[in-house]
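Visitor: One structure, as structure tokens, below. Some questions next.
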Amino acid sequence: MPLQPPQRWNARHNPHLPADARAGTTNRLTVIAVVLSLMVGASALMAGLAFSFQRYFECPIEKDLRISQ
């Protein structure tokens, strides 16, 4: 059930469409594109965090190894 009737939605946001036109149509391609972009973004974020934490914890060890030699 929509929050607003299509006539009211189209009058406010789609004035170029007829009043009884279907409002807010989204196809599967849009949903798939949003899901894929969220997956790519989340993967990039996790990879960046993993690399940063790895370097953060490796730097003191490398420094200690250089001092001990």
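Visitor: Being surrounded by 10 or more Cβ atoms within 10 Å (Cβ to Cβ), out of contact with any Leu (no Cβ under 9 Å at 6 or more places or on another chain) and not hydrophobic (A, V, I, L, M, F, W, C) is the requirement here; does THR30 meet it?
Guide: yes
Visitor: Kindly provide the set of residues from the range 19-39 that are at pLDDT below 85 and not small (Gly, Ala, Ser), ordered by number.
Guide: ASP20, ARG22, THR25, THR26, ASN27
Visitor: Between a residue in the range 51-69 that is modelled with pLDDT of 80 or more and any residue that is in a helix (DSSP H, G or I) and surrounded by fewer than 10 Cβ atoms within 10 Å (Cβ to Cβ), which pairs come within a Cβ distance under 6 Å, given they are 6 or more apart or on different chains?
Guide: Close Cβ pairs satisfying both conditions: none exist.
Visitor: It is to be established whether one or more residues within the range 22-37 are in a loop (DSSP other than H, G, I, E, B) and among the small types (Gly, Ala, Ser).
Guide: yes
Visitor: Would you confirm whether or not the range 21-31 contains a residue that is more than 25 Å from the chain's Cα centre (by Cα) and free of Cβ contacts under 8 Å to residues at least 40 places away in the same chain?
Guide: Within the range 21-31 (the criterion being more than 25 Å from the chain's Cα centre (by Cα) and free of Cβ contacts under 8 Å to residues at least 40 places away in the same chain), the answer is yes, since at least one residue qualifies.
The values are calculated or read from the model by the stated rules, or taken from the named source; none is laboratory data. The structure presented is a predicted model; accordingly, all values stated were derived computationally and were not measured. Using ideal geometry, Cβ is built from the backbone for each residue, glycine included, and neighbour counts are taken over all protein chains shown.
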